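A.B. asks: Before anything else, here's the structure in question.
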Amino acid sequence: NTFACEGETKPSWAWLQSGNAALMLTAASESNAAKHTVLFYFYVEDVTAAHASLVEAGLNPGAITTPFYAPQGEFELVDPDGYIVMVSHT
């Protein structure tokens, strides 16, 4: 599966799947050039509950956003090494 932004000819991301294993690849944008260019996605059934649990544990997750591909929301959590863990819904 691939996705290209409106007006673009090259895909901005691709999702590969084999059995139960899935890998999503995306192109880095200028806005995240200073960050690591690897995003790790973690899928949960309840994004709001996962966010609240991380706040309760003393972590600092980003705000929940609802991009078109995650209508139930997603947010990021930066680990101590600066890697980004995205939490989204199943």
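The values are calculated or read from the model by the stated rules, or taken from the named source; none is laboratory data. All of these numbers come straight from a predicted model, not from anything done at the bench. Every residue, glycine as well, gets a Cβ built from its backbone with ideal geometry; the counts of neighbours run over all protein chains shown. When the accessible area is computed, the model is the full protein with side chains, heavy atoms only, and any ligands, DNA or RNA have been set aside. Shrake-Rupley method; radii C 1.70, N 1.55, O 1.52, S 1.80 Å.
A.B. asks: Keeping all protein chains in place, calculate the accessible area per residue for the chain (probe 1.4 angstrom), answer in Å².
C.D. replies: With the other protein chains kept in place, the chain gives 74 Å² per residue.
A.B. asks: Tell me, what is the FRET efficiency for Leu16 and Leu54 to the nearest 0.05, using R0 = 30 angstrom and their Cβ-Cβ distance as r?
C.D. replies: 0.60
A.B. asks: Just add up the charged neighbours of Glu74: K/R +1, D/E -1, any other residue whose Cβ is under 14 Å from the Cβ of Glu74.
C.D. replies: -3
A.B. asks: With a 1.4 Å probe and all protein chains in place, put Phe3, Phe68 in order of accessible area, largest first.
C.D. replies: The residues order as Phe68, Phe3, largest area first.
A.B. asks: Further question on the same structure: Can you give the charge dipole size of the chain about its Cα centre, rounded to the nearest 20 debye, using +1 on the beta carbon of Lys and Arg and -1 on the beta carbon of Asp and Glu?
C.D. replies: Dipole about the Cα centre, nearest 20: 200 debye.
A.B. asks: Pairs of Cα atoms under 8 Å, at least six residues apart: use those to get the relative contact order of the chain, whole percent.
C.D. replies: 23
A.B. asks: What residues have an amide H closer than 5 Å to that of Gly73, excluding those fewer than 5 places away on the same chain, when H is modeled at 1.01 Å from N in the peptide plane?
C.D. replies: none
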